[in-house]
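> Have a look at this one.
The values are calculated or read from the model by the stated rules, or taken from the named source; none is laboratory data. In this text the structure is predicted, and so the values were computed from the model without any measurement. Every residue, glycine among them, receives a Cβ derived from its backbone with ideal geometry; neighbour counts consider all protein chains shown. With ligands, DNA and RNA removed, areas are computed over all heavy atoms of the protein, side chains included. Shrake-Rupley method; radii C 1.70, N 1.55, O 1.52, S 1.80 Å.
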Amino acid sequence: RRTAWAQPSPRGSAEAAALLARAQRPAIVVGNGVALDDALREVVGVVELLGAAAYHQPLFDSIGFPLDHRLYAGMLPTNNAGIAEILADHDLVFIVGAHAFAAHGFTVRSAVPPEVEILQLSSDARQVARNYPVALGLVGSVKETLSAIASELAAMGVRPSADKAGTAQASKASAARD
């Protein structure tokens, strides 16, 4: 477990961007911290750069991602088995401003499949790697850190791309809601 302290930290932002850029099937789990830090534009920008699926944390209190966005894949289930089933479709999950994971009701199964790498950003140092080990943990302003990560991704030549994981996930979630 490694944690880079960010306000935003250039080293932490660069490491996060490198992890995100190499992901083949990324997902971003959006929590209340995005809305609390007024970072909606920044999280949407990173999701679009990566073509990632965007999920809300279970039982979110505020809207941290547009519900009608083409890459929005819905709210994660409230149990570990359901979360794990969804996360198994991804190779990297970036948890942004969310408690990982707010499952309700005990299940033996972990919410994070062993092959899924976790990157976590929170303004609350107590939340990073609290429930699951992370490949990289960032602590600091959600808005500033997402902006720095987007700048790093752009400097690496990452441009808004075809969806890596989002369209399929969004279609599944949309069908489930209908």
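> If amide H atoms are built 1.01 Å from N in the plane of the peptide, which residues on other chains or at least 5 residues away come under 5 Å of the amide H of Ile95?
Here Val29, Leu119, Gln120, Leu121 satisfy the definition.
> Per 0.36 nm of contour for each residue apart, how much would the distance between Arg11 and Arg109 grow if the chain were fully extended, relative to their Cα-Cα spacing?
Here the segment from Arg11 to Arg109 would lengthen by 31.9 nm.
> Then there's this: May I ask you to give the percent of accessible area on the stretch 117-160 that is carbon plus sulfur, with a probe radius of 1.4 Å?
48 percent
> Okay, next question. About the Cα centre, and with charges only on the beta carbon of Lys, Arg (+1) and Asp, Glu (-1), how big is the dipole of the stretch 35-90? Nearest 20 debye, please.
For this selection, approximately 100 debye.
> Using the Cα gyration tensor of the stretch 54-159, with a ≥ b ≥ c the square roots of its eigenvalues, what is the shape: rounded (a/c below 1.5), prolate (a/b larger than b/c) or oblate (neither)?
Prolate, since a/c reaches 1.5 and a/b exceeds b/c.
> I'd like to check one number: the per residue accessible area of the stretch 8-120, probe 1.4 Å, reported in Å² as a whole number.
Details: 4460 Å² over 113 residues.
Normalised by residue count, the accessible surface of the stretch 8-120 is 39 Å².
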